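Peer 1: Sharing a structure with you now.
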Amino acid sequence: MSKNKITRRSFIKKSGVVTSLFSLSSPSIFPSSTDDNRIIVVGAGLAGLSSAYELDKAGYNVILVEARSRPGGRVSTYRDQFSDNLYSEMGAEYVDSTDMYVQDYCRKFNLKILPAKQYDGVNVRDN
C-alpha cells in the first residue's frame, strides 16, 4: 500500500488524537456560538448519506467527508471479472418489504425497486 494513502484505521486514530487535543484546549481559543449550525458527517455510506440529507433538510450546514473516491461505503457494483455484461452487487443490495425508511428514500429519489426472483428452485423473497 502506498505510504501516502490513508486507511480507515489511521484516519480514525488520527481523528481521535486531534479531537482529544481540541478537548484539552482552553475554551477561549474557540469562540462560543449558540447559532452555529455546521455539522460534519464522516463517511458517505448509506448511513452518512441519509444523515447528511436529513440534516440538510432540517436546515443545518452539512459538510460530508468520505475517504474513498466514491460514495456508497460498502455498497458497490462489481463488474471486473464478469463477461456478457453481468455484474454482482456487493454490500447491502436487498430492500425488504418492511424497510420503510429505505422504501421512502427510493420513492423520494425515484429509484426503482425490482421484485425478487426465484433461482434454482429457491425463492429469494416472496412479497
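Peer 1: What's the magnitude of the charge dipole for region 74-115 around its Cα centre, counting Lys and Arg as +1 and Asp and Glu as -1 at the beta-carbon? Answer in Debye, nearest 20.
Peer 2: 200 debye
Peer 1: Now, a different point. State the answer as a single residue: which of Y101, S83, L114 lies farthest towards the positive end of the charge dipole of region 74-115, with beta carbon charges of +1 for Lys and Arg and -1 for Asp and Glu, about the Cα centre.
Peer 2: The residue sitting farthest along the positive end of the dipole is Y101.
Peer 1: Spelling out what I want: for every residue of region 39-48, take phi, set θ = phi - 60°, compute 6.51 cos²θ - 1.76 cosθ + 1.60 (Karplus), and round to whole Hz; glycine and proline get x.
Peer 2: For region 39-48, the Karplus-derived couplings read 9, 9, 9, 9, x, 9, x, 4, 5, x Hz, x marking Gly and Pro.
Peer 1: Right, here's the next one. Within a 10 angstrom radius of the beta carbon, how do L114, L49 rank from fewest other beta carbons to most?
Peer 2: Result, fewest neighbours first: L114, L49.
Peer 1: To the nearest 0.05, how large is the calculated FRET efficiency for T7 and I63 if R₀ is 25 Å and r is the Cβ-Cβ distance?
Peer 2: Working: r = 21 Å, r/R0 = 0.86.
The formula returns an efficiency of 0.70 here.
Peer 1: What ranking do D80, D56, D36 get, fewest neighbouring Cβ atoms within 10 angstrom at the top? Numbers along the way, then the final one.
Peer 2: Working: D80 6, D56 14, D36 10.
Listed from fewest to most nearby Cβ atoms, that is D80, D36, D56.
Throughout, read-outs are computed from the coordinates displayed, never taken from laboratory work. Please read these numbers as outputs of a predicted model, since none were measured by experiment. Quick reminder, even Gly has a Cβ in these numbers, built from the backbone with ideal geometry, and neighbours come from all protein chains shown.
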